Amino acid sequence: ERAVSWTARSYSEAGLKPGDIVGIRLENQLQHAIASLALARLGAGQFAFHPTDPPRVQRELTRRLEIIAVVAEGAGPVDLDRPIVQPPPGRLDELKKLPPVDFAGAEDSGLPFLLLPTSGTETGLPKVGVLNHGNAPGRLPPLILDGPGSRFHSITNINFHGAKQDLFRCFIYGSCLALFRAVTAEDLVAFIGAKKINYLAGSPTHAAILLEAATGDGHL
């Protein structure tokens, strides 16, 4: 709460306002999660770029969606020709040191929230739908999560829009979101066991790799 309020106020002081559309281009998932929640608190819509998107596609989406700024690290994506807004700190210990601030945020349910792309079209550009604050909870069902007590990990980075929606599902329904970037399958198996993760999201390829790596006694 402290990190989100501090970040939302910093974005407001940087000139962002309710109703603006803001891009996010961050590799650090903790920064991405806090930045996303801060933009939601502010009432600014958000669109997550993925590093694998070709520059031409990113530039065209920036123009078409009328993105006014991009949350990015350092100098940011100068190729998008938009102002760069710095992300929050990227480490948990740094976030815990942020001072408490008051930032009530926007309350208009009609404000944009998540901009979500569909699959590409003949032009190579996706269509983009918009969830606002009023209809988002109903469009983000809880899947199989049990609410509080669930520990959820998405193997896919939250730069991907499906994983990004899972992030907000966890917050809406009170589940624990576990952020981790495994280097090897063995790293992921160890993390699942140590943190008692009981829900995973990933592809069939991820499942096959985990089945092969989970060679210990008992069930993973």
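The values are calculated or read from the model by the stated rules, or taken from the named source; none is laboratory data. Every value quoted in this text rests on a predicted model; they were computed, and no experiment measured them. Don't worry about glycine lacking a Cβ; one is built from the backbone with ideal geometry, like all the others, and counts go over all protein chains shown. Side chains are part of the model used for accessible areas, which takes the heavy atoms of the whole protein and leaves out ligands, DNA and RNA. Shrake-Rupley method; radii C 1.70, N 1.55, O 1.52, S 1.80 Å.
General remarks:
- Residues within region 174-205 that are loosely packed, with under 15 Cβ neighbours inside 10 Å and in contact (Cβ under 8 Å) with a residue 60 or more places away in the chain, tallied: 1
- Restricted to region 44-58, and to residues there that are assigned to a loop (DSSP other than H, G, I, E, B) and in contact with a helix residue (DSSP H, G or I) (Cβ under 9 Å, 6 or more places away or on another chain), the residue that is farthest from Gly15 (Cα to Cα) is Asp53.
- Each residue in region 59-92 was checked for being outside any loop (DSSP other than H, G, I, E, B) and either crowded, with 20+ Cβ neighbours inside 10 Å or touching a Pro at 6+ places or on another chain (Cβ under 7 Å) (or both), and 9 of them qualify.
- Filter result for the condition that a residue is of a type in the set (Gly, Ala, Ser) and open to solvent by less than 50 Å² (accessible area, probe 1.4 Å), over Ala208, Ala136: Ala136
- In region 8-58, the residue that is modelled with the lowest pLDDT out of those that are among the acidic types (Asp, Glu) and surrounded by fewer than 20 Cβ atoms within 10 Å (Cβ to Cβ) is Asp53.
- Cross-chain or 6+ apart pairs with Cβ under 8 Å, region 126-142 first and polar (S, T, N, Q), then outside any loop (DSSP other than H, G, I, E, B): Asn132/Pro112; Asn132/Phe113
- Of the criteria (1) assigned to a loop (DSSP other than H, G, I, E, B); (2) closer than 17 Å to Asn159 by Cα, which one Leu98 fails: (2)
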